[in-house]
Each structure stands twice: as C-alpha cells, then as structure tokens.
Amino acid sequence: MAIQVGDSIPSVKLKHKTESGIDEISTEELFGGKKVVLFALPGAYTPTCSASHLPGFVASAAAIKAKGVDTIACLSVNDAFVMGSWGKEHGAGDSVLMLADGNADFSKAIGLDFDASGFGMGTRSQRYAMIVEDGKVTTLNVEKPGAFEVSTAEAVLAAL
C-alpha cells in the first residue's frame, strides 16, 4: 500500500554526490524537524524529467523556499553519480538536493515504485511530489502514468 497524507516517512538511507564524494543521508536526518518538498521521477535524463520536472523546481526554488521550505529534494532510482551530474547540468546547485535511491529502497518502502522492465529500466519510482513536515506527509500528489500535472513545481507552490 502506498504512503498516504498523515503517514510518517519510513527509515531509509539515500545517497547524494558532494564535492568530497558520495555521502549517505538518512530519512530521519533529511525530514526530521524540517519542512521538505520531495519530488520524485522515473529517471534522470528521461524526456519529461529533463525538459520539465527538474528544471521547474530549479527555476521555482527561491519561491518555494520563501514559503518556509527548508529543503527541496529530487529523488530518482539512479546512482548518486548520475544524479549529481544531472543536477549539475540543470543548475540545481544548492537549491535542489539530488537524491539517489539506487536500489529503490525508499520508493518500495513508500509503495510508489513501479516495474519499468518493459522499457529496459527495471524498478523505478513513480512521478510524484510530496510536502513533508517533521517526518509526516502533509501533501502527496502522485501522477497518473504518463501524466505531468500534479507534481509540478507550480502545483507544489499552490499547495504551500
């Protein structure tokens, strides 16, 4: 069953690329005592993700943070090197934390994974955006397959 509004974020470790290498971050560290916008997508460098999803959050980062958001994070079932390079290419810098869910541990734990084997991509994350306050989901916008409407930066700004 997929995570719902009011649920707590499960305990999982994620990875991200830093100047010094690959660092691990726990969901407790990421979400504890903070207001976080997490958006997830099927894959770095995929068409909608590269053309619209990540660029929308990079462009809207200041407006989102002005609404009291401590962290904006992008999650995908890719490795930390790919996420780091993809974020760099799109100017994510310090505005969007690029998180790698390489084995889909987080995506599976919240029930928002899907089988993309038919596309040669294995297990992936569904496309969604959530607002999490002190480890509890307060908003959850999961896209229907192939859609890109409710998880946009604009939709998140409207929810804040």
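Distance from the C-alpha centroid of the stretch 90-116 to that of the stretch 16-62: 7 Å, rounded to the whole angstrom. With 21 Å as the limit, the listed pairs 13/67; 34/67; 35/65 have 13/67 beyond it between alpha carbons. Taking Cα centre as origin and charging only the Cβ of basic (Lys, Arg, +1) and acidic (Asp, Glu, -1) residues, the dipole magnitude of the chain rounds to 220 debye. In the chain, the calculated helix contribution to ellipticity at 222 nm averages -6500 deg cm²/dmol per residue, counting -39,500 (n - 2.57) for every DSSP H run with n ≥ 4. Considering only GluC sites (Glu not before Pro) in DSSP loops that have at most 15 other Cβ atoms within 10 Å, the longest stretch of the chain without any of them is 20-148. With a cut-off of 15 Å between beta carbons, the residues surrounding residue 133 carry a summed charge of +1, where Lys and Arg count +1 and Asp and Glu -1. Build a GNM of the chain with springs between Cα atoms under 10 Å apart, and of 79, 23, 113 the one that fluctuates most is 23. Structure remark: mean-square fluctuation, Gaussian network model of the chain, C-alpha springs under 10 Å; the largest value among 125, 26, 117 belongs to 117.
Name the most mobile residue of 96, 36, 12, meaning the one with the largest mean-square fluctuation, in a Gaussian network model of the chain with Cα contacts below 10 Å. Of 96, 36, 12, the Gaussian network model singles out 12 as fluctuating most.
Every number in this text was worked out from the coordinates using simple rules, so none of it is lab data. Since the model is a prediction, treat every value here as computed from it, not as a measurement. Counting neighbours? That spans all protein chains shown, and the Cβs are built from the backbone with ideal geometry, glycine included.
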